[in-house]
Amino acid sequence: MRGLLNIVLAVVLATTTMTVYGQKKKRNVKQYNSAEVYRANDVIQDLLKTGRDTVFTRHYLSSFLVDSTRLWKEEVTYTGEKLDDNKYKMSAQSMLKEKNSGELKLNTESEKVYHKNKSDAVYVLNKRYLVDGLVEEIVHQNKQYVVKCIDKEGNVLNETGCLRYSQTPFPVEKTEKFQRNLQKTITNLVSKSKGRLPRYIILAIEADYESQRWNLALDFPKEYKLGSDMHTSLVAAIAHVLNNEKLEEYHFDKDINGNYYNRTMFIPLSFR
């Protein structure tokens with residue numbers, strides 16, 4: 001049986017209770033990974049070439065692209081606009097679906113300006129709408145970041161951000177035990193089990209403050225057979241490791257007024 005190539009754990013979240021979702025996406029992990037699709041980077045080059053104005057909507061579960069007829073939690077509307085012969089603007093508005101009512105609530109807004117012959121945006125504006133009317137605004141231009149925390153009256157409260165993990169790095173060192181346990185558990189499973197491994201799995205682990213539980217979404221390659229013995233064993237092994245991790249306060253983000261927010265971490269697993 002082939003072994004585990006690597007486990008990239010930027011930050012890891014886990015708890016004793018969770019909800020598990022599984023989805024297939026029609027994309028190659030190297031070319032169209034979740035972050036690239038979410039940012040609309042999979043279409044921007046074509047739009048820059050054609051200069052075509054466009055509006056389209058995508059639906060996501062833990063930032064994984066899903067069909068609108070399936071389970072989703074976030075709706076993002078993208079608007080592309082040609083500014084002149086050399087500039088193109090891509091805007092995005094994210095709405096989160098409320099758990100109980102199903103109503104959509106404004107989550108984030110972003111704006112990117114591109115030069116025609118450059119693949120990277122020359123101007124990026126991101127806004128996140130928080131509790132109590134707070135807005136965290138981040139502008140990236142000319143290799144500089146400007147961060148502001150703005151109140152509901154439009155006053156700038158500080159230039160370090162509204163959220164603690166905008167101001168200070170997430171304590172990655174606290175996740176080292178989880179990283180070791182995940183790698184050990186999956187390596188043992190692979191060495192003892194039969195069946196075809198996927199080329200990759202992408203985990204999205206969300207710390208849900210309201211329910212005090214973890215939501216786990218798993219992304220497998222399009223061609224991989226869900227429901228196979230290996231697939232079931234991999235999901236069970238990942239769930240086992242998460243179920244033995246304690247949910248702690250630092251897993252959530254928190255604003256300057258003491259309000260807590262869900263936080264999602266992505267873990268790509270590659271096999272060969």
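The values are calculated or read from the model by the stated rules, or taken from the named source; none is laboratory data. Everything numeric here is computed off the predicted structure, so don't read it as measured data. Every residue, glycine among them, receives a Cβ derived from its backbone with ideal geometry; neighbour counts consider all protein chains shown. The area values use the complete protein model at the heavy-atom level, side chains included, leaving out ligands, DNA and RNA. Shrake-Rupley method; radii C 1.70, N 1.55, O 1.52, S 1.80 Å.
The residues of segment 227-272 that are acidic (Asp, Glu), surrounded by fewer than 15 Cβ atoms within 10 Å (Cβ to Cβ) and closer than 25 Å to Ser166 by Cβ, listed by number, are Glu248, Glu249.
Just one of the numbered conditions (1) open to solvent by less than 50 Å² (accessible area, probe 1.4 Å); (2) more than 23 Å from Thr108 (Cα to Cα); (3) not β-branched (Val, Ile, Thr) is not true of Lys222: (1). Quick one: is Ile267 touching a strand residue (DSSP E or B) at 6+ places or on another chain (Cβ under 7 Å), at pLDDT below 90 and closer than 30 Å to Tyr145 by Cβ? So Ile267 fits the description; yes. One residue alone among Arg180, Arg213 is of a type in the set (Lys, Arg), open to solvent by 60 Å² or more (accessible area, probe 1.4 Å) and within 19 Å of the chain's Cα centre (by Cα), and that residue is Arg213. Quick check on Leu47: is it touching a residue at least 12 places away in the same chain (Cβ under 8 Å), assigned to a helix (DSSP H, G or I), surrounded by 19 or more Cβ atoms within 10 Å (Cβ to Cβ) and of a type in the set (A, V, I, L, M)? Here the answer is yes, as Leu47 does meet what is asked. State all residues of segment 92-128 that are open to solvent by less than 70 Å² (accessible area, probe 1.4 Å) and over 20 Å from Ser62 (Cα atoms); if no residue qualifies, say none. The answer is Glu111, Lys112, Val113, Tyr114, His115, Ala121, Val122, Tyr123, Val124, Leu125.
Of Val131, Val156, Val139, Val172, all but one fail to be in contact with a Leu (Cβ under 6 Å, 6 or more places away or on another chain) and either of a type in the set (D, E, K, R) or surrounded by fewer than 18 Cβ atoms within 10 Å (Cβ to Cβ) (or both); the exception is Val139.
Taking segment 82-92 as the range and being in a strand (DSSP E or B) and polar (S, T, N, Q) as the test, only Ser91 passes. Taking segment 93-175 and the strands (runs of 3 or more DSSP E) fully enclosed by it, the elements with 3 or more residues that are hydrophobic (A, V, I, L, M, F, W, C) and touching a residue at least 12 places away in the same chain (Cβ under 8 Å) are at 104-115, 135-141, 144-150. When we screen Ser94, Ser62 for residues that are at pLDDT 95 or above and of a type outside the set (Val, Ile, Thr), the only hit is Ser94. Every listed requirement among (1) open to solvent by less than 30 Å² (accessible area, probe 1.4 Å); (2) on the phi < 0 side of the Ramachandran plot is met by Gln167 save one, (1). Thr69 falls short on exactly one of the conditions (1) of a type in the set (Ser, Thr, Tyr); (2) open to solvent by 80 Å² or more (accessible area, probe 1.4 Å); (3) under 28 Å from Lys49 (Cα atoms), and that condition is (3).
Among the residues of segment 188-210, those that are assigned to a helix (DSSP H, G or I) and exposed (fewer than 14 other Cβ atoms within 10 Å of the Cβ) comprise Asn188, Ser191, Lys192.
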